[in-house]
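Only one structure is covered here, and it is reproduced in the block below.
The values are calculated or read from the model by the stated rules, or taken from the named source; none is laboratory data. None of these values were measured; they are calculated from a predicted model. Please note: Cβ atoms are built from the backbone with ideal geometry, for glycine as well, and neighbour counts cover all protein chains shown.
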Amino acid sequence: MRLLARLLAAVAAWRAVRRGAAQDRAPLPPPPPPEPDPRARRVGARADAERLVAALLIACGLCGVAFVVVYATSANTQLLGAAAGLALVLLAVALAVASFAVVPQETAVEPRPPLEAPAEVEPAARELRDVGEGVSRRGLITAAAGVAGAGLAAAAITPAASLGPRAKGLGAAPWRRGTRLLDQDGRPLRAAALVVGAFATAFAEGADRRELGSPVVVVRLREDEVHLPAARRAWAPQGILAFSKICTHAGCAVSLFRYPLDQQTSKTPALVCPCHYSTFDPRRAGRVEFGPAGRPLPQLPLAIAADGTLVAAGPMSGPIGPAWWGVGHS
Amino acid sequence: MRRRAVPVLLVVALALCALGTLAFAQAGSGAQSPPVGAAGGGAGDPVAGHQLFVERCSSCHGTDGAGRRGRGPSVRGAGALAADFYLRTGRMPLAEPTDQPVRAPVQLTATQIDDLVAYVASFGGPGVPAVHPERGSLTRGQRLFTDSCAGCHTVAARGGIVLGGVAPALQQANARQVAEAIRMGPYLMPRFGSGQLPPADVDALARYVLSTRDLPNRGGWAIGNLGPVPEGLVCWGLGIVVLLGAARLLGERTT
């Protein structure tokens, strides 16, 4: 604290010295201009500065357009970030240059004696109008600002296309009766490979792994601790359960599984999403135990085939992925 | 009536244990000896181990190792694997039974641990797994770790939080402890059998975990190798200061 106070005092002292020096250089009051002449007014605008501002604004607009193009074609997040960031930086530089070199800086009030002859009023006014506001290429800069605004607006609005459910994918999981569960190496997952307390990620055979409905978490509990509703009694052979790996809150991957070595002195088994710690109880059909998720994890009914591999016994129990309008608590 | 029966049973159990471990020690001294961290490879004395167990462990696990309701689980069948892991990482003895056992300074001497491990192993259960990190593939280890472990431990094995527990950082764990934890699933960790992760995969995982002790940093501030989110936050923090300075400069009176 003391250090901060000292720092502030030093800054204040330095500013006082600077102000004093500035007053020494320009002693007040300044001598009044002997005969004010509107044509002698110093205009800040320089043609090259105006052109620079226009170029910066147009480049800003182009970056906005580039953002839209990248979004539509590759969705490379680094390029998206670079385009959006560069657009904003260019806009900021354009505004800074304009404020220093284009817009007139002076704020002086010119004392002016009253005009004696009314005949002189009109020429004087015309003279003033001819001087303009200090921006000689107002149209150019306005157009460039329009380009920048349009580009930025397009870049800002485009990501809205990512909102809401896509026409295909959500809810339509690739699981059918008999679909095999493949492990991360692409081999069929065998029931015997899973010990009590096991945790594995599996995918639907024959489906794109990136498809939202494909990944499931497979866990094995003791058979006597599984309490499924009557309609799902047969969904967990040997205590092996499968749930969609996509959290029903924001669509993150449910990648945390806790299974207590000793339940009396620690917590109950749970599937946890690392994004917002939505916690689901695998013993009770994926019920939400904690966190922002609004509905249970969809469960995949399982069966063990004759060769010991795990297969789906039917489709998922509900829609996959984050909640959206119309998806109730199922 | 029951009170009187216990000491008799105990003596019988002890005698059986002693016999069993003798046989185990003879059989186990050959092929089963753990190649990594070979200190205390089943050389303990189960009778001395039981004595120590009664002194240090029985308030939670019971004098006969069968556990006590609400205080501690049975150690029967936990095997040398669990005893070795919990004792050599200092997680046991635990001050409060409902606390999460975390890595701590080892509270017992190596001989005492050998004896306790021999006592717990005398009930049967899995032995200490053999692990050869030098044979494992680092790339496969990283992939497996990302798939199965990184959710809780983070991809750089710096540890994290599960509701109700802490997933520890793994830089202090040696290869044997990594293998033991995979097979046993200590505290709230899931368990991975050899059907799911064969020994070659455990070797690969152990090699990857050991490699996280000294991660390559391409310059700059590593921020605990926690990934892009904290890096972004730091950028925000620094960037805001730079922006404030720039705004101050731009807005300064020029005349």
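So here's what we get for this one:
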read-out: Residue within the range A:232-244 that is buried (at least 18 other Cβ atoms within 10 Å of the Cβ), under 31 Å from the mean Cα position of the chain (by Cα) and among the hydrophobic types (A, V, I, L, M, F, W, C) present; value: yes
read-out: Meets criteria (out of contact with any Pro (no Cβ under 6 Å at 6 or more places or on another chain), among the aliphatic types (A, V, I, L, M) and under 27 Å from residue B:69 (Cβ atoms)) for residue A:306; value: no
read-out: Count - residues of the range A:177-201 that are buried (at least 23 other Cβ atoms within 10 Å of the Cβ), within 11 Å of chain B (Cβ to nearest Cβ) and part of a strand (DSSP E or B); value: 2
read-out: Subset of the range B:138-166 (residues that are within 12 Å of another protein chain (Cβ to nearest Cβ), without any contact (Cβ under 8 Å) to a residue 24 or more places away in the chain and in contact with a Leu (Cβ under 8 Å, 6 or more places away or on another chain)); value: B:151, B:153
read-out: Close pairs from the range A:59-75: first within 12 Å of residue A:156 (Cβ to Cβ), partner part of a helix (DSSP H, G or I) and hydroxyl-bearing (Ser, Thr, Tyr), Cβ under 8 Å, at least 6 apart; value: A:67/A:158; A:68/A:158; A:71/A:158
read-out: Test: residue in the range B:194-202 that is at pLDDT 90 or above, within 13 Å of chain A (Cβ to nearest Cβ) and in a helix (DSSP H, G or I); value: yes
read-out: Residue match in the range A:310-320 (condition: within 14 Å of another protein chain (Cβ to nearest Cβ) and closer than 19 Å to residue A:225 by Cβ); value: no
read-out: Extreme residue, nearest to the other protein chains (Cβ to nearest Cβ), among residues of the range A:209-224 that are farther than 17 Å from residue A:286 by Cβ and under 29 Å from the mean Cα position of the chain (by Cα); value: A:209
read-out: Complete set of residues in the range A:270-288 that are under 17 Å from residue A:219 (Cβ atoms) and either of a type in the set (S, T, N, Q) or within 9 Å of chain B (Cβ to nearest Cβ) (or both); value: A:270, A:272, A:274, A:278, A:279
read-out: Candidates A:291, A:251, A:239, A:206 - the one that is in contact (Cβ under 8 Å) with a residue 24 or more places away in the chain, at positive phi and facing chain B (nearest Cβ under 9 Å); value: A:291
read-out: Residue check, residue A:227 in a loop (DSSP other than H, G, I, E, B), more than 14 Å from chain B (Cβ to nearest Cβ) and exposed (fewer than 15 other Cβ atoms within 10 Å of the Cβ); value: yes
read-out: Test: residue in the range B:170-185 that is away from chain A (no Cβ under 14 Å), assigned to a loop (DSSP other than H, G, I, E, B), more than 21 Å from residue B:80 (Cα to Cα) and among the polar types (S, T, N, Q); value: yes
read-out: Some residue of the range B:237-250 being within 25 Å of residue B:152 (Cβ to Cβ), surrounded by 10 or more Cβ atoms within 10 Å (Cβ to Cβ) and free of Cβ contacts under 8 Å to residues at least 24 places away in the same chain; value: no
read-out: Residue in the range A:261-279 that is assigned to a helix (DSSP H, G or I) and within 18 Å of residue B:151 (Cβ to Cβ) present; value: no
read-out: Residue check for residue B:124: at pLDDT below 90 and either away from chain A (no Cβ under 14 Å) or buried (at least 17 other Cβ atoms within 10 Å of the Cβ) (or both); value: yes
read-out: Sole exception among (1) under 27 Å from residue B:216 (Cα atoms); (2) surrounded by 23 or more Cβ atoms within 10 Å (Cβ to Cβ) for residue B:147, by number; value: (2)
